Structure formats: C-alpha cells, structure tokens
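Everything below concerns the one structure shown next.
The values are calculated or read from the model by the stated rules, or taken from the named source; none is laboratory data. These numbers come from a predicted model, not from an experiment. Using ideal geometry, Cβ is built from the backbone for each residue, glycine included, and neighbour counts are taken over all protein chains shown.
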Amino acid sequence: MTASTSTSVPARDAIASAVVGRDRELNLMLAAVAAGRDILLEGPPGTSKSTMLRAITEHWGVPFVLVEGNAELTPARLVGHHNPARVLQEDYSAENFVPGPLVEAMQAGGFLYIEELNRAPEDTLNTLLGAMAERAVTVPRVGTIKAESTFRVLASMNPFDNIGTARISDSVYDRWNRLAVGYQNAAEEADIVEVRTGSDDRTLVDDAVALTRATRVHPELRRGSSVRGAIDLVAIATELAKLDAHQDREHVVLDSALLSLSARIGMDEASESTPEQVITEIWENHFFSSAGGQRRDRTA
C-alpha cells in the first residue's frame, strides 16, 4: 500500500472541508498521525472525534476499522481466532486463521479506532499495547504479523461517564498521545445541525442548540446532551409541525425536546426532579425569561 501520510496545507484544507470547526484539534491530530503516533481522544460524545478520523482516513485512502470497547472485547476478538470448524477438519494452520479488527487494520495499514477504551478488559488493552509498541503481533500457529506503515491505533473515552468503566492504568496512558476534546461553540454546533438535518430554519436550529447546550450546565444534571440531541430535536420538530399545524411553535419545540433530550441527560443523584421537569424548565427559561423576552410578545 502506498497511501501518503503527508500533511501539506492543501491536504489539510481538503480534510478540514469535511469537519465543522475543530481547526486546532484537527491540526494536532494530523501532526500526530503523520508523525506515526497513536492518539487517545478524551471527551464527551458527539464532539466530532470519529468525524475527524474518518476524514483523515478517507483522504489518505486507508481503512477505518471501528471497534466498540466493552467487556466482550477479549484478546481473541481483537486479534482474531482460528475457524473452529476448519480446525476440526484440518488442524490449526495459518489458512484457517480469521483476522480480528486489530490484525485487519495492521495488514491493511488502516486506523484501528476503539470507542470507549475504558470499557475494555485490562488483558485486551495489554494485547493492544504490545501491537502499538512493536507494530507487530505474534499469533500462535500463524507467526508474526507486521503492520503496514500507515497503521495507527486511535481510541476515545468519556471521562464523565464512570458506569461500566475501568480505571486506565499509567502504563496504558504512557503509550498514547492524549488530546482533550470539548464541546464546540454554539455557532459551530448550529452549523453541524444544519448540515446533518438539511434544515433551513435557522431560528429552530438556534433554539435546539440553545436548549441542548443548557442541559450541560444545569445544576440538577450530572450529564448534558451532545449535539446529537439538537440534531434529533430539529428533525423531529420539523416533522411534528407538519403533523399538527395548529400547535404553536414553542410547544412543538417543547415536545420535540422532551423526546430527543430526555434519554441523553443524566440526573444528579441528589435531584428530586425528573428529566421531563428539567427539560421543561430549560424550555421555559429559553422562551419566556427576560433573556428571551423578544419571544414573550408572541406567546402572551
């Protein structure tokens, strides 16, 4: 494979055209992967982490191999296994070895991307770290498999979610270049929503983004919604308005917000409110508080 890993300005601009904002993060990511390094992306969901990586691999012309980190991601699932039926007939051989995502990415010179790295078992991470250090893995009865030059190991983790996760050891962190990725600003999130929904109603888009961003700072929530909540809110509100032409705009937004945001927020353990109550409060503050006073005349 002869994929180029250069990061000239034209190449960078071509990749950036597929991403909304993220100039600094994209530059850092391009610099790291062009230098042959692996990256751990740390931040909440819905912050364009995989979008940036897909844009790079598409421009380089290399595979993007996605793996979900969870308790079932064993070393055998990650590296590969021998086909049981063929083993019974032929005994173990290199020919009946079925590559897992790690070997697949190594042989194709692709990017292995592990979502939610901190949900994977420790012994699986140890297998992964060996491949990162040596750019090769040794498979029993197959031999040593070496990676192509464009092979990279990328991973993500959400530092704000501790349910079903494990602490990442210092030895694991020592193998990665860590990039913290936060939420984008309101204007960039609105641009993302417009692109993803195709909506030309900027007022609706701005309302959806404002409500979604408000969930991230509400005192009764330990987790707010990603921009995916705003994307779904706009899509649902657009269709809901067609179904019920008599419902006012503000209540179309409220019903859509309740549907699109309630599963994406996490209540604080000390709160006695429900997700619906918090979303309704955010909606009321947005449309009817003094900050939104320009709307009060319409709905009075």
Conditions (1) in a loop (DSSP other than H, G, I, E, B); (2) of a type in the set (A, V, I, L, M); (3) surrounded by 19 or more Cβ atoms within 10 Å (Cβ to Cβ): number failed by M106: (1)
Pairs where the first residue, in the stretch 52-71, is part of a loop (DSSP other than H, G, I, E, B) and the second is charged (D, E, K, R) and surrounded by 22 or more Cβ atoms within 10 Å (Cβ to Cβ), C-beta under 9 Å, 6+ apart: V62/R152
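Assigned by TED's automatic domain parsing to the domain that holds S156, at pLDDT 90 or above and closer than 18 Å to I145 by Cα: which single residue out of L78, L66 fits that description? Give the derivation first.
Values: L66 fails: closer than 18 Å to I145 by Cα.
On inspection, the qualifying residue turns out to be L78.
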Checklist (1) touching a Ser or Thr at 6+ places or on another chain (Cβ under 8 Å); (2) in contact (Cβ under 8 Å) with a residue 60 or more places away in the chain; (3) farther than 25 Å from D170 by Cα applied to V79, failing item: (3)
Those residues of the stretch 253-286 which are of a type in the set (S, T, Y) and exposed (fewer than 15 other Cβ atoms within 10 Å of the Cβ), in sequence order: T274
Filtered residue count, the stretch 7-26, keeping only those that are farther than 16 Å from G182 by Cβ and either assigned to a helix (DSSP H, G or I) or touching a strand residue (DSSP E or B) at 6+ places or on another chain (Cβ under 6 Å) (or both): 8
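Conditions tested, residue by residue: (1) assigned by TED's automatic domain parsing to the domain that holds R222; (2) out of contact with any helix residue (DSSP H, G or I) (no Cβ under 7 Å at 6 or more places or on another chain); (3) not charged (D, E, K, R).
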| site | (1), (2), (3) |
| --- | --- |
| P44 | no, yes, yes |
| S50 | no, yes, yes |
| I56 | no, no, yes |
| E104 | no, yes, no |
| A108 | no, yes, yes |
From the options R175, R196, R216, residue that is within 18 Å of the chain's Cα centre (by Cα) and not in a helix (DSSP H, G or I): R216
Filter pass, E250 being out of contact with any Cys (no Cβ under 8 Å at 6 or more places or on another chain), under 22 Å from D191 (Cα atoms), surrounded by 15 or more Cβ atoms within 10 Å (Cβ to Cβ) and of a type in the set (D, E, K, R): yes
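How about the stretch 35-57: which of its residues are among the hydrophobic types (A, V, I, L, M, F, W, C) and either at pLDDT 90 or above or surrounded by fewer than 18 Cβ atoms within 10 Å (Cβ to Cβ) (or both)?
Within the stretch 35-57, A35, I39, L40, L41 qualify.
Looking for something more than 30 Å from G224 (Cα to Cα) and among the β-branched types (V, I, T) - is there at least one such residue anywhere in the stretch 153-163? Break it down stepwise before answering.
As a first pass, look at the stretch 153-163 and keep what is more than 30 Å from G224 (Cα to Cα): none.
Looking for residues that are more than 30 Å from G224 (Cα to Cα) and among the β-branched types (V, I, T), one finds none in the stretch 153-163, hence no.
When the stretch 144-157 is examined, which residues are found to be in contact with a helix residue (DSSP H, G or I) (Cβ under 8 Å, 6 or more places away or on another chain) and either crowded, with 22+ Cβ neighbours inside 10 Å or more than 15 Å from G100 (Cα to Cα) (or both)?
A147, E148, T150, F151, R152, V153, L154, A155, S156, M157 - these are the residues of the stretch 144-157 that are in contact with a helix residue (DSSP H, G or I) (Cβ under 8 Å, 6 or more places away or on another chain) and either crowded, with 22+ Cβ neighbours inside 10 Å or more than 15 Å from G100 (Cα to Cα) (or both).
Tell me yes or no: at least one residue of the stretch 220-228 is in the same structural domain as I279 (by TED's automatic domain parsing) and farther than 23 Å from L41 by Cβ.
Within the stretch 220-228 (the criterion being in the same structural domain as I279 (by TED's automatic domain parsing) and farther than 23 Å from L41 by Cβ), the answer is yes, since at least one residue qualifies.
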